[in-house]
Amino acid sequence: MGVPMSRPTGSPRAQRAGVALLCWLGAAALGACSNDLKVTEIEPPNGTYSGGEEVVIKGNGFPQGRGGVSVRFGRREAQNVVVDSPSSIKVTTPAGDKNVAVDVSVVFDDGKAFVLKSGFQYIDTTQQRQTMDKAFNAMGGTKK
């Protein structure tokens, strides 16, 4: 169970000191108090090679309410890039090559850049469907 929190009082410096103390007391072990800009993962880490799917880039310290974030999947630019919160950026995937893993690059307008090496895998859903059909038929099922 969490500790109830009251509204911070005092000067901004005193408020920051209180937050620092809370971080020092244990939340820092969970990484919850860091405001450092970082990119940690993409969810989901795969999608169809035709693109057009929404994915979420997770991390910390994302500048909300500002533009200036560009995202690339390999050499292709993502569309509809939106900083949804300080910990998530929503994007629409561009089309890619079948069954290829690509680096995901995130570049902020202040020049900071992050790369998730082989962070996204483009998949061929027709190949998945064929594999599923084979498994289904092997189990004695019939297609309609």
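None of the figures in this text is laboratory data; all of them are computed from the coordinates on show. Owing to the predicted nature of the structure, the values given are computational and were not obtained by experimental measurement. Note that each Cβ is placed from the backbone with ideal geometry, even for glycine, and that neighbours are counted across all protein chains shown.
Observations, loosely collected:
- Rough spin-label spacing in nm, given labels placed 7 Å along Cα→Cβ, for T92 and K58: 2.5 nm
- Once both labels are positioned 7 Å from their Cα atoms along Cα-to-Cβ, the gap between N35 and T126 label points is 5.2 nm.
- Projecting label points 7 angstrom from Cα along Cα→Cβ for V100 and R76 puts them 0.9 nm apart.
- Nonlocal amide H pairs with V100, under 5 Å, H built at 1.01 Å: Y122
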